[in-house]
Amino acid sequence: MTLQEKKFYPWVVVGLLWVVALLNYMDRQMLSTMQQNIALDIPALQNAEAFGALMAIFLWVYGVASPFSGAVADRVSRKVLIVGSLGVWSAVTFAMGYCNDFHQLMWLRGIMGISEALYIPSALSLIADFFTGKGRSLAIGLHMTGLYCGQALGGFGSLVATTWSWQATFHWFGIIGVAYAVVLMFLLHEKKNRGAAKPAVKTASSPTVRKESVLQSFAVVFSTMAFWVILFFFASSSIPGWATKNWLPTLFHDNLNISMDWAGPMATLTISVASFIGVMIGGPISDKWVRRNVRGRIYTSAIGLALMIPALVLIGLAHNAWLSVLAGLFFGVGYGMFDSNNMPILCQFVSSRQRAMAYGFMNSLGVIMGAITTQLLGNLAASVGLGMCFALMGGILVIALVLQLTLLRPKFDDKDQEEAISADNLAAETIEA
């Protein structure tokens, strides 16, 4: 029996992709905390607007590429996409250590945006396919903790760069990523028998499922009202999500009068550790709740959103270290509960044939909103203040919470179940006729 055929292999996939997720966020996050170190050699980064533009270019490119990367992932080997994207963005990270002007950094961040956009839709749809029954929220949530840990480790970028150099920091983490891509080539495998839902009983007259074109897949997904609601609350949560990733170290530095060497780890560790706790709470609760109530995943996600709202207000307005950390903890727990259920909720409304593409669109809109937010905060930092901007984000989440609770009403925990039942009924009707 091969490794792929063993019962525990789905959890091996989660473990393998957890490391990729860590590298994914760590490589992109390091730049935000190494700003002052890099600015010593590239003075353009001393300007807040220029730094905001540098952070935003990644998000713009990532956002535009995500829907197309998801459509590709629904049609080709997700293993190839995952290994390839990891190899490319790691090589880009390595190359960033050789940059000596602002424009070189901009080009490389753009290339990183394309390569990293291929990863998340492929990884989450692969995990969702391996976990068709219980454990889906927990498995996806555990994978997402890799992103949080990568964000946390990225927060130490300034400390590492001060100890060694920002060039060496980029070099070594790039080398690690390329080496791990080689490991994945041998250990990661695609899910067998991926594809369309089929009738439970095959007969000569059973309906044949035709392969959809990309445009047909787009039409199917966007004709579903539930998907528009999911898009809205995902994008709404992405605004404070990206704001904390890219600007919370700066906010703590300004509000608490501490150096960036410590503001970075304080911000990223607080959110990351709390998000991990949120996943470990929200994943199992969702997996158990949905067995008793098909809206259990939606309710769990809504609890997470509800925790994030007051936390954002306190993060923005508090000028005390303990209150800031407490608010960050509440935000992180809420975000973890919310984040671990996004793909499982999507699975309730979208077939496995279109999930990577659908999540690609979600990721795209979320990242584009993050790009706008990142750049806008850079422009508003001096006039309005970062703290007030964070506090106002809570109001957007109130709208998202109301829409989520009132409009999302799934019939099954997996859209494939609904399609399989419909296919069986159609097959039975055809036999009777």
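The values are calculated or read from the model by the stated rules, or taken from the named source; none is laboratory data. These figures come from a predicted structure and were not determined experimentally. Backbone-built Cβ (ideal geometry, glycine too); neighbour counts: all protein chains shown. Calculation scope for accessible area: heavy atoms of the full protein, side chains included, ligands and nucleic acids excluded. Shrake-Rupley method; radii C 1.70, N 1.55, O 1.52, S 1.80 Å.
Of note:
- Taken over region 161-182, the criterion of being in a helix (DSSP H, G or I) and open to solvent by 60 Å² or more (accessible area, probe 1.4 Å) is satisfied by THR162, THR163, TRP172, ILE175, ILE176, VAL178, VAL182.
- Boolean, VAL294 is aliphatic (A, V, I, L, M), outside any helix (DSSP H, G or I), surrounded by fewer than 21 Cβ atoms within 10 Å (Cβ to Cβ) and modelled with pLDDT of 85 or more: yes
- Hey, ILE281 assigned to a helix (DSSP H, G or I), open to solvent by 10 Å² or more (accessible area, probe 1.4 Å) and not polar (S, T, N, Q) or not: yes
- Taking every residue in region 80-91 that is closer than 14 Å to GLY174 by Cα and pairing it with any residue that is at pLDDT below 95 and not in a helix (DSSP H, G or I), at least 6 positions away or on another chain, the pairs with Cβ-Cβ distances below 6 Å are SER85/LEU118.
- Unmet criterion (only one of (1) farther than 15 Å from TRP107 by Cα; (2) surrounded by fewer than 20 Cβ atoms within 10 Å (Cβ to Cβ)) for VAL20: (2)
- Looking only at residues of region 399-414 that are open to solvent by 70 Å² or more (accessible area, probe 1.4 Å), in contact (Cβ under 8 Å) with a residue 60 or more places away in the chain and not in a loop (DSSP other than H, G, I, E, B), we find that the one that is nearest to TYR335 (Cα to Cα) is ILE399.
- Of the residues making up region 10-40, those that are assigned to a helix (DSSP H, G or I) and without any contact (Cβ under 8 Å) to a residue 24 or more places away in the chain are GLY15, ALA39.
- Looking only at region 312-351, residues that are open to solvent by less than 10 Å² (accessible area, probe 1.4 Å) and either of a type outside the set (A, V, I, L, M) or without any contact (Cβ under 8 Å) to a residue 40 or more places away in the chain (or both) come to 16 in all.
- Odd one out for ALA39 among (1) over 16 Å from the mean Cα position of the chain (by Cα); (2) open to solvent by 10 Å² or more (accessible area, probe 1.4 Å); (3) not hydroxyl-bearing (Ser, Thr, Tyr): (2)
- In region 188-212, the residue that is surrounded by the most Cβ atoms within 10 Å (Cβ to Cβ) out of those that are modelled with pLDDT of 50 or more and over 23 Å from the mean Cα position of the chain (by Cα) is GLU212.
- Scope region 89-107; condition assigned to a helix (DSSP H, G or I) and open to solvent by less than 30 Å² (accessible area, probe 1.4 Å); matching residues: TRP89, SER90, VAL92, THR93, MET96, LEU105
- The set of residues in region 260-278 that are open to solvent by less than 10 Å² (accessible area, probe 1.4 Å) and closer than 22 Å to ASN379 by Cα comprises ALA263, GLY264, ALA267.
- Failed item in (1) open to solvent by less than 10 Å² (accessible area, probe 1.4 Å); (2) touching a Lys or Arg at 6+ places or on another chain (Cβ under 6 Å), with ARG136 passing the rest: (2)
- For region 365-392, filtered to residues that are open to solvent by less than 10 Å² (accessible area, probe 1.4 Å) and closer than 15 Å to PHE232 by Cα, the residue that is modelled with the highest pLDDT is GLY366.
- When SER158 is tested against (1) crowded, with 24+ Cβ neighbours inside 10 Å; (2) polar (S, T, N, Q); (3) over 17 Å from TYR25 (Cβ atoms), only condition (3) is not met.
- The single condition among (1) open to solvent by 30 Å² or more (accessible area, probe 1.4 Å); (2) under 28 Å from LEU377 (Cα atoms); (3) of a type in the set (Lys, Arg) that ARG75 does not meet is (2).
- Taking the listed residues LEU108, LEU118, the one that is in contact with a Cys (Cβ under 8 Å, 6 or more places away or on another chain) and without any contact (Cβ under 8 Å) to a residue 60 or more places away in the chain is LEU108, with no other qualifying.
- With respect to (1) open to solvent by 10 Å² or more (accessible area, probe 1.4 Å); (2) at pLDDT 90 or above; (3) under 19 Å from the mean Cα position of the chain (by Cα), the lone exception for LEU153 is condition (2).
- Counting only helices (runs of 4 or more DSSP H) that fall entirely inside region 319-389 and contain at least 2 residues that are in contact with a Lys or Arg (Cβ under 9 Å, 6 or more places away or on another chain), the qualifying elements are 342-349, 355-380.
- The residues on offer are ALA56, ALA44, and the sole one that is among the small types (Gly, Ala, Ser), in a helix (DSSP H, G or I), open to solvent by 10 Å² or more (accessible area, probe 1.4 Å) and at pLDDT below 90 is ALA44.
- Within region 223-259, considering residues that are modelled with pLDDT under 80 and either crowded, with 23+ Cβ neighbours inside 10 Å or of a type in the set (Phe, Trp, Tyr) (or both), the one farthest from GLY141 (Cα to Cα): ASN246
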